[in-house]
There are 2 protein chains.
Amino acid sequence: MADPTQALAQRIEFIKAIDGLKNVQRKTYLFSGQRYENSAEHSWAVSTFALTLADYAPPKTDINKVIHMLLLHDIVEVDAGDSLCYDDEANATKADREQAAAQRLFSILPDSQARHFRQLWDEFEAEESTEAQFAAALDRMIPMLHNLHTHGRAWLENHVTLQQVLDKNQHKISRANPTLWNYLEPQLLKAKSLGWLA
Amino acid sequence: MADPTQALAQRIEFIKAIDGLKNVQRKTYLFSGQRYENSAEHSWAVSTFALTLADYAPPKTDINKVIHMLLLHDIVEVDAGDSLCYDDEANATKADREQAAAQRLFSILPDSQARHFRQLWDEFEAEESTEAQFAAALDRMIPMLHNLHTHGRAWLENHVTLQQVLDKNQHKISRANPTLWNYLEPQLLKAKSLGWLA
């Protein structure tokens with residue numbers, strides 16, 4: 001590091017900038033049902049979920065890279081907001097908003113770290129590597145667990161159907177590990193029969 | 001794994017149990033000053049801080065172990081609550097409360113993972129390894145950054161003096177990396193002169 005104090009100040013500015021993630025509300029209720037969670041809380045939970053489910057990652061997966069991706073995966077929402085995966089209107093403009101946010105936020109960092117973090121985020125978004133596909137699977141799985149636990153509360157509020165849940169999640173989760181999808185699928189069918197899906 | 005579905009169910013129960021961390025309020029304001037943060041948000045922020053400050057860790061530090069520790073370091077607060085480091089009364093009973101919480105929470109997991117996570121948490125608490133000392137330094141540093149940014153708001157509300165801040169943090173931060181303390185110290189002296197500390 002040419003100037004460790006200057007580089008440290010830039011890194012701290014980045015941490016301040018992404019603190020806004022604590023105010024980005026997701027359409028997922030806490031397991032207690034008390035309120036919606038925010039994207040910072042979700043980022044902690046899904047990163048810890050990756051650490052906890054490391055044994056379910058495909059062989060040769062670098063679980064630490066998965067965790068690094070998940071710590072950073074939502075920071076663009078500081079500028080771009082959260083888009084529910086079932087909201088096609090919001091998702092139509094999501095990519096442009098998130099690209100602009102990534103450009104702004106990562107450039108706060110020293111150049112080499114900006115490139116490293118941006119590469120991790122791009123890799124997560126592309127969903128091509130084993131690590132990105134496992135991260136994506138966990139990111140899709142965890143809000144389903146919240147919905148199943150709260151009798152489909154956020155699904156019902158957002159008029160989400162079983163078919164939408166299958167269309168948006170089955171491929172992403174089962175390609176990472178069929179065991180994960182096999183765990184979820186019967187619970188989803190039961191949820192539908194209980195009226196927890198629209 | 002003898003029974004991957006049973007083990008998966010236990011891991012998911014653990015994730016549900018630690019979700020309560022999202023309702024544990026800390027005595028640290030968001031950088032925006034809007035409200036106190038909670039321990040889940042803090043756990044994300046300090047884990048991301050470790051990823052961002054990896055270059056400041058002592059040589060041979062396993063930064064991924066630091067991140068694993070920080071993801072888990074506060075989960076005992078689900079049962080034991082958060083204790084402000086300047087609150088000697090709360091800290092007198094903290095260890096017993098946290099030991100009971102650790103026993104309950106980690107035992108939700110399959111045995112081998114329960115031992116692994118418990119070992120990570122014990123190592124963090126002992127502050128003997130390089131990884132634990134770096135994790136502890138970041139855990140102490142980040143609320144100081146929040147206070148400096150919000151003109152000492154939580155320090156003043158909790159009647160914290162400059163001497164308390166020095167006593168509780170200087171050793172833990174400077175032993176991990178003097179550069180980190182050298183960055184903070186002049187800001188603390190300035191904060192005192194501006195009336196941001198009691």
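The values are calculated or read from the model by the stated rules, or taken from the named source; none is laboratory data. Not measured: the values here are computed from a predicted model. As a convention, Cβ positions derive from the backbone with ideal geometry for all residues, glycine included, and neighbour counts pool all protein chains shown. Protein only, heavy atoms only, side chains kept; ligands, DNA and RNA dropped before computing areas. Shrake-Rupley method; radii C 1.70, N 1.55, O 1.52, S 1.80 Å.
The distance linking the range B:52-74 with the range A:17-59 is 20 Å (Cα centroid to Cα centroid, whole angstrom).
Looking at the range B:98-198, the accessible area is 45 square angstrom per residue; that uses a 1.4 Å probe and ignores ligands, DNA and RNA.
What you get for the range A:4-193, charging only the Cβ of Lys and Arg (+1) and of Asp and Glu (-1), is a dipole of about 420 debye around the Cα centre. Buried accessible surface for the A/B pair, both sides summed and rounded to the nearest 100, is 4600 Å² with a 1.4 Å probe. Enter the angle in degrees (range 0 to 90, nearest 10) between the Cα long axis of helix A:130-149 and the first principal axis of the Cα atoms of chain A, meaning the one along which they spread out most. The angle comes out near 50 degrees.
Using C-alpha pairs under 8 Å with a sequence gap of at least 6, the mean separation divided by the residue count of the range A:66-198 gives a relative contact order of 23 percent. Rounded to a whole number, what % of the accessible area of the range A:77-198 do carbon and sulfur atoms account for, probe 1.4 Å? So the carbon and sulfur contribution to the accessible surface is 48 percent. Inter-chain neighbour count for A:46-59: the average number of beta-carbon atoms from partner chains within 10 Å of each residue's beta-carbon is 5. Over 18 Å between Cα atoms, which of A:K27/A:K168; A:K168/A:K192; A:K94/A:K168; B:K168/B:K192; A:K60/B:K16 qualify? The pairs that break the limit, which is 18 Å between Cα atoms, are A:K60/B:K16. Let me make sure I get this right: for the range A:47-159, a, b and c are the square roots of the gyration tensor eigenvalues over alpha carbons, sorted descending. Under 1.5 in a/c it's rounded, otherwise prolate if a/b > b/c, else oblate. Which is it? Here the range A:47-159 falls in the oblate category. The long axis of helix B:162-176 is offset from the longest Cα principal axis of chain B by roughly 60 degrees.
For the range B:166-198 versus the range A:103-158, the inter-centroid distance based on Cα atoms is 35 Å. Computed from the C-beta positions of B:R104 and A:D55 and an R0 of 25 Å, the FRET efficiency is 0.65 to the nearest 0.05. Checking every one of the trypsin sites (Lys or Arg not before Pro) in the range B:39-128 against DSSP loop status and a limit of 10 other Cβ atoms within 10 Å picks out B:K60. In the range A:61-92, what residues drop by 50 Å² or more in accessible surface going from the chain by itself to the full protein assembly, probe 1.4 Å? Buried by the other chains: A:N64, A:H68, A:L71. For an R0 of 41 angstrom, estimate the FRET efficiency from the Cβ-Cβ distance between A:Y36 and A:S112 and round to the nearest 0.05. Efficiency at R0 = 41 Å is approximately 0.65. Of the whole protein surface, A:L84 contributes about 40 Å² of accessible area at a 1.4 Å probe radius. Annotation: peptides A:135-141, A:39-45, ranked by per-residue average of other Cβ atoms within 10 Å with the highest first, follow the order A:39-45, A:135-141. Computed over the protein assembly as shown, the per-residue total of -39500 (n - 2.57) for DSSP H runs of n ≥ 4 gives a 222 nm mean residue ellipticity of -21500 deg cm²/dmol, rounded to 500.
Legend: calculated FRET efficiency, B:Q6 to B:Q119, from the Cβ-Cβ distance at R0 = 22 Å, rounded to 0.05, equals 0.45.
Report the far tail of the P(r) of chain B, meaning the percent of Cα-Cα pairs longer than 27 Å. Beyond 27 Å sits 31 percent of the P(r) for chain B. Label-point spacing at A:S193 relative to the other copies reads 7.3 nm, in ascending order, each point sitting 7 Å out from Cα along Cα→Cβ. Per residue, the convex hull spanned by the Cα atoms of the protein assembly as shown measures out at 137 cubic angstrom.
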